[in-house]
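The values are calculated or read from the model by the stated rules, or taken from the named source; none is laboratory data. Quantities reported herein were computed from a predicted structural model and do not represent experimental measurements. Here the Cβ positions follow ideal geometry from the backbone for every residue, glycine too, while neighbour counts run over all protein chains shown.
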Amino acid sequence: MEDAGGGEETPAPEAPHLPPLAPAEQQGLLFQEETIDLGGDEFGSEENESVSEDSSPLVDKLNEHMMESVLISDSPNNSEGDAGELGPVRDEAEPRGEGDPGPEPEGTLSPTGEADGDCAPGDALEDKATVPGTGGAPRQDAARETPGSEAEAEAALPEQTPPAADPVPVCTIFSQRAPPAPGDGFEPQMVKSPSFGGASEAPARTPPQAVQPSPSLSTFFGDAAASHSLASDFFDSFTTSAFVSVSNPGAGSPAPASPPPLSVPGTEGRPEPAATRGPQAAAPPASPEPFAHIQAVFAGSDDPFATALSMSEMDRRNDAWLPSEATRGVLRAVAAQQRGAVFVDKEKLTMPGLRFDNIQGDAVKDLMLRFLGEKAAAKRQVLNASSVEPSFVGLKQLISCRNWRAAVDLCGRLLTAHGQGYGKSGLPTSHTTDSLQLWFVRLALLVKLGLFQNAEMEFEPFGNLDQPDLYYEYYPHVYPGRRGSMVPFSMRILHAELQQYLGNPQESLDRLHRVKTVCSKILANLEQGLAEDGGMSSVTQEGRQASIRLWRSRLGRVMYSMANCLLLMKDYVLAVEAYHSVITYYPEQEPQLLSGIGRIALQIGDIKTAEKYFQDVEKVTQKLDGLQGKIMVLMNRAFLYLGQNNFAEAHRFFTEILRMDPANAVANNNAAVCLLYLGKLKDSLRQLEAMVQRDPRHYLHESVLFNLTTMYELESSRSMQKKQSLLEAVASKEGDSFNTQCLKLA
Amino acid sequence: MFCFVLLFYFTVMRLTKPTLFTNIPVTCEEKDLPGDLFNQLMRDDPSTVNGAEVLMLGEMLTLPQNFGNIFLGETFSSYISVHNDSNQVVKDILVKADLQTSSQRLNLSASNAAVAELKPDCCIDDVIHHEVKEIGTHILVCAVSYTTQAGEKMYFRKFFKFQVSNITMVNSFYTDEVFLEAQIQNITTSPMFMEKVSLEPSIMYNVTELNSVSQAGECVSTFRSRAYLQPMDTRQYLYCLKPKKEFAEKAGIIKGVTVIGKLDIVWKTNLGERGRLQTSQLQRMAPGYGDVRLSLEAIPDTVNLEEPFHITCKITNCSSERTMDLVLEMCNTNSIHWCGISGRQLGKLHPSSSLCLALTLLSSVQGLQSVSGLRLTDTFLKRTYEYDDIAQVCVVSSAIKVES
């Protein structure tokens, strides 16, 4: 509500019954004359008429007005703000890349890395030889130093597929230590293992023949990880998670120029000189080194099935994807020509790079500086990208303690190490399972943070996620026999959903439909007894069933996204239809989904339909016993009363839920909201405050805080102090991803 | 000089219905880098639906974020909070909320009794409701009067201004006879569920709503599942009005401007936020029938080509006191051919009486054909009345069987 601001001109229709008529009031009698200014102007003193002559100071007090539009979520300001930071951030980052004098100057990334390009193969070899001395040697120690992770690693070991255990010397970016598991790409258990201590024996024996002018991470992270152990952990995490890197021009590694020193018979395949990869056309990285070694491994056995076997069933199932006709053509050509150069139009290649180097920031701390002073702000301690180990473990640590901004940063660093850092967009590069996973995590976090524009910028080079170099078949030497797409399925969903947050829901739907088409085709293939990609299949019955389950659930996930998108588009009829079809894929979510549809009906104002759905929920939940079903039923009843404008009854049902489940955040919050509508502001505040105090970790949720601050503003002039104390509570519990807008401080 | 202490914190907040919080679901699969982490984060988020985290529409209610728009017919609700910020007890507090519109002033306060005393940090709360019945500027005038500890009588006011706009645009069209078509457009920015759109007829008419069809014994709305109106959507409601017997008999009465009735519209928006609107009396200019009115009693809708068919006409003498002597002439048109004798004497017709006439005709052209070419001549006044486009029939080839 806007105050009728604009001081003197404010009409005072009631003036007549005030004996001392001020001139202002006389004006006020002319009520119909639209003399009121809307909006911005605060109350002038004249409108606060007071019988007492000395009442004018009152005015200051009355200047506050309640209603200010506040957006809780996804304000474009948010991303704009970050975009604004790009400039300085860039400046900051570049010198670091160049100027950091690391222990291995040749190994540093980007500018210095290019110097490596001129190195003779011999130099490169020497270069490699220094690696164990600096980065390599302490690494094993470091692995030992983390017993927890080692135990995890050991637990994971037996699950590795046999070929992975072979000490195949394949070059990796960061060390030659870890065996690449050719057939066993990215197993979940491997991801979990931070440092593969147990596997370290094999690489120890590996001769450093696979020379890669590896970007020295210890230099790269020199400032971040002062101690060796951290840097080496980073190495570990990459190697253990099969971070098999082929020569990466983008990383400045002149890989093709470095021949395998220990040539194995059968490696006549010379790499394409870097020069032949013009800017217009690029050959699939022939990756001579890995190729050489793989040749070595399989040199003896002519068994064509060996490669097929090395591809685990789970990988096949997960990675399956149907490329478009054009992409299929390229992949076929790659397969046919093996080591020959297949020229692919540059436009068809994926060349991602960071578009902004550092979004790190902590809005909570900034607010503290502004409102609570430096001293208080100094107490705010959150993890940042430098304070965890630069590895997947550190990344997960940041994510789970809700420091998503720092996690985005860390993803950026890890990607920079892979040669896809800032400014590398548009430069030839190659992809691995891990690099794509890192991109997925980074982009997913950007979306979670509401930084949609930034996510869009960085997603752009990936095109429609169907470029040939995103398929394993494009790298027959790195991933022999492996088929399918490196792009995680969830990344496709993210790619599609992003558009709806940018205001293009139609594009979202188009993308989701494309994903749905492929999922349906794969399911159809499976149901016909074929492999996912339509080829002949030798999969066991259980294997096929597992695959059908996986793809059905993926199809359901696509439908979910479509339904959500339609809901955002306010096309309620189609959204309801789509949610109905989700039920067929996730029957266990039927009561929740039916309740959701009922709430959609309530949102439109269609109370009768809502009631019908809520009754359906009651029927479904009768079969289940347990707390969850009861709560759902009560929740729906409360909502129905809300729709009938009966806040008292709604409050009764929310309270009923609290009797069964006192910690229920939704019921707590909603009961408090009902109290406000019943005119019980103080009770409402008490309820919310009690809830936040009971478990701040859980209940400092932006929706709850938004309600709380709104009520503070309604309650008294002390709202600012109360908001600031909320800020303090937030500061001690929440990570850097906290959306400070809900505190309404700024 | 007397130093005045700030006593009250006084705010008004409009209470529109709360909204449901929506979250941004981001998931990953077990095999992806974050493993279960993203899904766990969603499970931990209290705003997601337990067990169906991907469902965007949560259950968490959030308070209105801004004043929003208010439309004619909606209920304006506000929370009025007066809080004693001082450390002294204030006495005889009277909070009064009035709504000033361009035409009147309404008192909205629930009670007009003064509160005897208000201790420090206590507050007076009031929730006011008002169904908005006027468009244009409204001003909420909140006045607080009280007595300080020193015994001083104090009084202050605050003004809150808002605009009320029209929510739906109702355009009515009248067809020649007795059909009323009402167009309702949602000119707000949020979807709107039309709970009720009905025509309350004036005493002269009976009304039949033509907005639902009977399907398998159940009444189904012609709008089917599209029960709601998106912003800027327009929907047409159709009503058939028939004059009541007692009025229909007296043809003279339904003449000139008649009152048809009024539309009663009830809609709901977010979480059942209700609005109701009644139009003013819809008026209709009754078609001037002149002295002699010819109306159709019976006509087939589909006829065969080149086959005779029958219609029944009713001729009414609408003049007040004049008896007529009528001659019927039938003129053929391109497609319609009349069968029988033209220039037939119909005899005398007294005021307000009518006679029925069975006529035969055939069509020589296929398609939708208009029945035209009837002429009535009053021999007393030598006045001829022309009747064209009386009705339409669909003429089909005789090869197609006409369903009776």
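Overview of results
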| item | result |
| --- | --- |
| Qualifying positions in the stretch B:10-45 - facing chain A (nearest Cβ under 7 Å) and among the basic types (Lys, Arg) | B:ARG14, B:LYS31 |
| Count - residues of the stretch B:73-107 that are farther than 23 Å from A:SER716 by Cα and away from every other protein chain (no Cβ under 12 Å) | 1 |
| Subset of the stretch B:134-149 [more than 10 Å from chain A (Cβ to nearest Cβ) and not in a strand (DSSP E or B)] | B:GLU134, B:ILE135, B:GLN149 |
| Residues satisfying the stated conditions in the stretch B:54-67, i.e. more than 7 Å from chain A (Cβ to nearest Cβ) and surrounded by 21 or more Cβ atoms within 10 Å (Cβ to Cβ) | B:GLY58 |
| From B:ILE80, B:ILE93, residue being under 27 Å from A:ASP683 (Cβ atoms), touching a Leu at 6+ places or on another chain (Cβ under 7 Å) and hydrophobic (A, V, I, L, M, F, W, C) | B:ILE93 |
| Test for B:LYS262: is it under 21 Å from B:LEU374 (Cβ atoms), in contact with an Asp or Glu (Cβ under 6 Å, 6 or more places away or on another chain) and at pLDDT 80 or above | no |
| Any hit, the stretch A:510-520, residues being within 17 Å of the chain's Cα centre (by Cα), under 30 Å from A:PHE343 (Cα atoms), modelled with pLDDT of 90 or more and aliphatic (A, V, I, L, M) | no |
| Complete set of residues in the stretch A:384-427 that are within 20 Å of A:VAL364 (Cα to Cα), within 13 Å of chain B (Cβ to nearest Cβ) and among the basic types (Lys, Arg) | A:ARG402 |
| Residue check, A:LYS733 within 11 Å of chain B (Cβ to nearest Cβ) and either on the phi < 0 side of the Ramachandran plot or touching a helix residue (DSSP H, G or I) at 6+ places or on another chain (Cβ under 9 Å) (or both) | no |
| Cross-chain or 6+ apart pairs with Cβ under 9 Å, the stretch B:349-369 first and at negative phi, then of a type in the set (A, V, I, L, M, F, W, C) and assigned to a loop (DSSP other than H, G, I, E, B) | B:PRO351/B:CYS318; B:SER354/B:ALA251; B:LEU362/B:LEU305; B:SER363/B:LEU305; B:SER364/B:LEU305; B:VAL365/B:LEU305; B:GLN366/B:LEU305 |
| Which listed residue is acidic (Asp, Glu) and either part of a loop (DSSP other than H, G, I, E, B) or within 14 Å of another protein chain (Cβ to nearest Cβ) (or both), from A:ASP434, A:ASP469 | A:ASP434 |
| So B:THR189, is it at pLDDT below 75, closer than 25 Å to A:THR609 by Cβ and within 14 Å of another protein chain (Cβ to nearest Cβ) | no |
| Any chance B:ILE70 is among the aliphatic types (A, V, I, L, M) and more than 8 Å from chain A (Cβ to nearest Cβ) | yes |
| Within the stretch A:581-638, considering residues that are over 23 Å from B:TRP267 (Cβ atoms), surrounded by fewer than 18 Cβ atoms within 10 Å (Cβ to Cβ) and of a type in the set (Lys, Arg), the one nearest to the other protein chains (Cβ to nearest Cβ) | A:LYS630 |
| Residues within the stretch B:111-130 that are surrounded by 14 or more Cβ atoms within 10 Å (Cβ to Cβ) and away from chain A (no Cβ under 12 Å), tallied | 5 |
| Among residues of the stretch B:265-286, those that are of a type in the set (Ser, Thr, Tyr) and within 14 Å of another protein chain (Cβ to nearest Cβ), counted | 1 |
| Some residue of the stretch A:526-549 being part of a helix (DSSP H, G or I), buried (at least 18 other Cβ atoms within 10 Å of the Cβ) and within 12 Å of another protein chain (Cβ to nearest Cβ) | no |
| Residue count, the stretch B:186-221 (criterion: under 29 Å from B:ASN69 (Cβ atoms) and either touching a residue at least 24 places away in the same chain (Cβ under 8 Å) or outside any strand (DSSP E or B) (or both)) | 16 |
| Residue count for the stretch A:689-711, restricted to those that are crowded, with 24+ Cβ neighbours inside 10 Å, more than 10 Å from chain B (Cβ to nearest Cβ) and within 22 Å of B:ILE124 (Cβ to Cβ) | 0 |
| The one condition in (1) in a loop (DSSP other than H, G, I, E, B); (2) modelled with pLDDT of 90 or more that B:PHE4 fails to fulfil | (2) |
| Candidates A:PHE647, A:PHE706 - the one that is in contact with a Cys (Cβ under 7 Å, 6 or more places away or on another chain) and within 30 Å of A:ARG402 (Cα to Cα) | A:PHE706 |
| Candidates B:SER103, B:SER81, B:SER109, B:SER77 - the one that is under 27 Å from B:GLU273 (Cα atoms) and touching a helix residue (DSSP H, G or I) at 6+ places or on another chain (Cβ under 6 Å) | B:SER81 |
| Given (1) on the phi < 0 side of the Ramachandran plot; (2) modelled with pLDDT of 90 or more, index of the condition A:GLY679 fails | (1) |
| Yes/no for A:ARG492 being closer than 20 Å to B:GLU29 by Cβ, of a type outside the set (A, V, I, L, M, F, W, C) and more than 14 Å from chain B (Cβ to nearest Cβ) | no |
| Strands (runs of 3 or more DSSP E) wholly inside the stretch B:302-360 that include at least 3 residues being more than 41 Å from the chain's Cα centre (by Cα) and under 16 Å from B:ILE390 (Cα atoms) | B:324-330, B:336-339 |
| Residue check, B:ASN69 farther than 27 Å from A:LEU498 by Cα and either under 46 Å from the mean Cα position of the chain (by Cα) or charged (D, E, K, R) (or both) | yes |
| Residue count, the stretch A:638-660 (criterion: in contact with a Leu (Cβ under 7 Å, 6 or more places away or on another chain) and farther than 13 Å from B:GLU59 by Cβ) | 6 |
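Residues checked against (1) closer than 15 Å to B:GLU307 by Cα; (2) in the same structural domain as B:ALA298 (by the TED database); (3) surrounded by 13 or more Cβ atoms within 10 Å (Cβ to Cβ):
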{"site": "B:TRP338", "(1), (2), (3)": "yes, yes, yes"}
{"site": "B:ILE341", "(1), (2), (3)": "no, yes, no"}
{"site": "B:LEU349", "(1), (2), (3)": "no, yes, yes"}
{"site": "B:LEU361", "(1), (2), (3)": "yes, yes, yes"}
{"site": "B:GLY373", "(1), (2), (3)": "no, yes, yes"}
{"site": "B:LEU381", "(1), (2), (3)": "no, yes, no"}
{"site": "B:TYR385", "(1), (2), (3)": "no, yes, yes"}
